[in-house]
Amino acid sequence: MGRYSAAALKAVQTGVELAIPDEMSTPAWAETYRFVDRGSRKGKWSNETVPFVTEIMACADDPSVREIVYQKPVQAAGSEVINNICGKRIQQAPTEMAYIAEKEDKAKAWTMESFDTMVRATPSLRGLIADNPEDNNQRVKRFPGGSLHILWATSPAELSSRPLQIIFFDEKAAYKPTKEGDPVKLGQARQTTYDGEQLSVFISTPRRCDCTTETDDCGDISHDYERGDQREFYVPCPHCDEFQTLKFGGKDTSYGLKWDPETPETPFYLCEHCGAMIEEFDRDDMLAKGYWRSSKEFNGVASFKINQLYSPFVSWGRMVTDWLEACKSAPKLEVFTNTVLGEVWKPVERLDYEDIAWNVENYEAQVPPGVLWLTAGIDIQKDRIECEVVGWGKGHESWSIDYRVFLGETGFDVAEAEDADADADIEPLTSVWDDLAEYLSGSFKGVGTQTFRIQAACIDSGYLSTRVYQFCKKYATKRWWAVKGGSDPFRPALSKPTKTTRGPRVTLFTLGTNAIKDEVFAALKRLPDPDGGPTPGFCHFPNVSPYTDEAHMKQLASEKMVTHTRGGRTYRVYEKIGPNVRNEALDVRCYATAARMLRPPNYEALARRRLQHIEAADAPVVKDSFTTDDTDPTPPQNKPSNVVPLKRPTIKTKGGFDNFDL
């Protein structure tokens, strides 16, 4: 099929209308004509498989609906909603349409894997799409009476070049602003030709929302949902027939998804009204009787929200195992919140000192039970070095083990005074560095005969970088790494290390400041298990100084998340809550967390090794105490005279982990 003249198009459209005098609804069209040729349920389309998308598709036929918003998890038939609306329009009500993806590769993937597959499998569509490369390719699909353009949000010129009646904004939450402006607004500007008959379809898994006020709009799909009538899918309990939305729940709720810790792969659901047990095999019948209920008046925007508990393509057991894995770190929990719960992720914007202070407790030993791995974070200042040792257990539950301040001049940075290279003569490190090395090489006493050693340490090189490199090179056989905070607020927590180009040649890790502080803030905000059991991510602090000092604990809450906009791009950074606020305690906690990331522990293997040690300790003869490496476990007997374990002097801070250069 080539290009069509206006007369030919009109004739074809008239013929279609005569052949099908009564236009079907999109759900009816899908059930009559649509075939599926991918996924686990191939064959004729059935609305009974995913009944919750029937009303979403039907809104595309309602002339009063100007926008459809579908906030969803993965595996919730979002792409099929787009496919069915496209298919019905192509066959029965052809017009100008556009599909807009986040990036070019995503657009091409949808075209080949979703749209083209639907056309090949559906006989009624197969003969309508043009068969020549000019009119049927990865950029456009032409058919009698209209066309479907495949675009992406990073190409503003494409978005603003043609009139469109229907636009599908797929994974809209992932769109980034361009120099020309908001991709959504650029696209909708092309719908003015069809004023009063235009339709925008927003389908997306939510992402991160960095908005700090109710009037902010970061572009996440959650804001679009809130603009609409906010519909949720209600299903009846098979025991009491009361309607409710399915919720993941948790330990603090009497309803929702529950499971035995020994068999998390076989969970069940507790009714919110009668408390009866609902099995997963009840889900299909519940979905068949379900309906959408709105919480706001309709204003032209039909908005829908659902979570993965409703999806027939994902088992509840899989959700639970994903949840248990997600609890191990803030980044994993963010992904779970977005892709499984279908909810927006709100980073912790600010910590309250009083909340952290409640985490202080008495330890059974310097290294309490539960700890399997030690790391250290070190911050360098002009007249002191500050260091925190952190213990880690399963699920990244953490225990602060010790905090030390080593007083003494740390020297001057050679690179600040002259061009230093790897072979330059650099004066020896001052004694305070020797004190740090002795401390990092020491051991920490656990319960009974157990002893622990620091397995990795990160040292901030933002201040006195040459001295830090000199120290790391001197102890190159140790896992004591130089790090610095990256200036890019979108940088991942860890990235490929580099070699220093000035001063001593060592490995340098550039850290994603925002990403690591996201994890630290989320952990500090975590509440303990009400029954006293293990709590993944929770932070424990010993009931000793400096953790009993208000000034020290306030340093952990010394920063807040702030959102900025520059060059049309919104980004967020962590900034001090006041001009003279000290934040070294927060910095070293971030460095200790980075050390754990750089050398991730195998908690299961460490726990087995500890059990073997305990069994050996109960034997009649004990030859050696447990250590986490093969070095001498004997702790240093004499502490350096300039080590200050308790009081913290009021000193001007330099360097740190919060410096951005944007």
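The values are calculated or read from the model by the stated rules, or taken from the named source; none is laboratory data. A quick note: this is a predicted structure, and the numbers were derived from the prediction, not measured. No Cβ is skipped: glycine too gets one built from the backbone with ideal geometry, and neighbour counts run over all protein chains shown. For accessibility, only protein heavy atoms count, side chains too; no ligands or nucleic acids. Shrake-Rupley method; radii C 1.70, N 1.55, O 1.52, S 1.80 Å.
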When the residues of segment 480-489 are narrowed to those that are of a type outside the set (D, E, K, R) and assigned to a strand (DSSP E or B), which ends up nearest to the chain's Cα centre (by Cα)? GLY485
May I ask you to list the residues in segment 453-479 that are assigned to a strand (DSSP E or B) and over 17 Å from ARG404 (Cα atoms)? GLN455
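Considering each residue of segment 568-602, count those that are of a type in the set (Gly, Ala, Ser) and either surrounded by 15 or more Cβ atoms within 10 Å (Cβ to Cβ) or in contact with a helix residue (DSSP H, G or I) (Cβ under 6 Å, 6 or more places away or on another chain) (or both), and give that number.
Step one: of segment 568-602, the residues of a type in the set (Gly, Ala, Ser) are 568, 578, 585, 592, 594-595.
So of that shortlist, the ones also either surrounded by 15 or more Cβ atoms within 10 Å (Cβ to Cβ) or in contact with a helix residue (DSSP H, G or I) (Cβ under 6 Å, 6 or more places away or on another chain) (or both) come out as 585, 592, 594-595.
Here the count works out to 4.
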Just wondering, is there one or more residues in segment 78-85 that are hydroxyl-bearing (Ser, Thr, Tyr), in contact with a strand residue (DSSP E or B) (Cβ under 9 Å, 6 or more places away or on another chain) and assigned to a helix (DSSP H, G or I)? yes
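Would you be able to tell me the number of residues in segment 36-72 that are basic (Lys, Arg) and farther than 18 Å from GLN308 by Cα? Spell out how you get there, then give the answer.
Keep residues of segment 36-72 that are basic (Lys, Arg), which gives 38, 41-42, 44, 66, 72.
Those still in the list that are farther than 18 Å from GLN308 by Cα too: 38, 42, 44, 66.
Result for segment 36-72: 4.
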Out of ARG139, ARG120, which single residue is among the basic types (Lys, Arg), more than 28 Å from LYS176 (Cβ to Cβ) and at pLDDT below 95? ARG120
Subset of segment 490-500 [in a loop (DSSP other than H, G, I, E, B) and either on the phi > 0 side of the Ramachandran plot or surrounded by fewer than 19 Cβ atoms within 10 Å (Cβ to Cβ) (or both)]: PHE490, ARG491, PRO492, LEU494, SER495, LYS496, PRO497
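I'd like to check something: does segment 608-620 contain any residue that is touching an Asp or Glu at 6+ places or on another chain (Cβ under 8 Å), within 26 Å of LEU374 (Cα to Cα) and either in a helix (DSSP H, G or I) or at pLDDT 90 or above (or both)?
Kept after step one, since they are touching an Asp or Glu at 6+ places or on another chain (Cβ under 8 Å), are these residues of segment 608-620: none.
Scanning segment 608-620, I find no residue that is touching an Asp or Glu at 6+ places or on another chain (Cβ under 8 Å), within 26 Å of LEU374 (Cα to Cα) and either in a helix (DSSP H, G or I) or at pLDDT 90 or above (or both), so the answer is no.
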Those residues of segment 260-295 which are assigned to a strand (DSSP E or B) and open to solvent by less than 70 Å² (accessible area, probe 1.4 Å), in sequence order: THR263, PRO264, PRO267, PHE268, TYR269, LEU270, ILE278, TRP292, SER294
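The rows are residues; the columns are (1) among the β-branched types (Val, Ile, Thr); (2) in a strand (DSSP E or B); (3) at pLDDT below 95; (4) over 22 Å from ARG190 (Cβ atoms).
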residue: ILE100; (1), (2), (3), (4): yes, yes, yes, no
residue: LYS108; (1), (2), (3), (4): no, no, yes, no
residue: THR111; (1), (2), (3), (4): yes, no, yes, no
residue: LEU128; (1), (2), (3), (4): no, no, yes, yes
Being more than 21 Å from GLY256 (Cβ to Cβ), assigned to a loop (DSSP other than H, G, I, E, B) and open to solvent by less than 80 Å² (accessible area, probe 1.4 Å) is the filter here, so list the residues in segment 296-327 that pass it. GLY300
Can you spot a residue in segment 51-66 that is open to solvent by 30 Å² or more (accessible area, probe 1.4 Å), in contact with a Phe, Trp or Tyr (Cβ under 6 Å, 6 or more places away or on another chain) and not in a loop (DSSP other than H, G, I, E, B)? yes
Being over 18 Å from LYS172 (Cα atoms) and assigned to a helix (DSSP H, G or I) is the filter here; which residues of segment 335-360 pass it? PHE336, TYR353, GLU354, ASP355, ILE356, ALA357
Residue hits (segment 236-259; open to solvent by 70 Å² or more (accessible area, probe 1.4 Å) and of a type in the set (Gly, Ala, Ser)) are SER254
State all residues of segment 205-238 that are assigned to a loop (DSSP other than H, G, I, E, B), modelled with pLDDT of 75 or more and closer than 22 Å to PHE336 by Cβ; if no residue qualifies, say none. THR205, PRO206, ARG207, CYS209, GLY219, ASP220
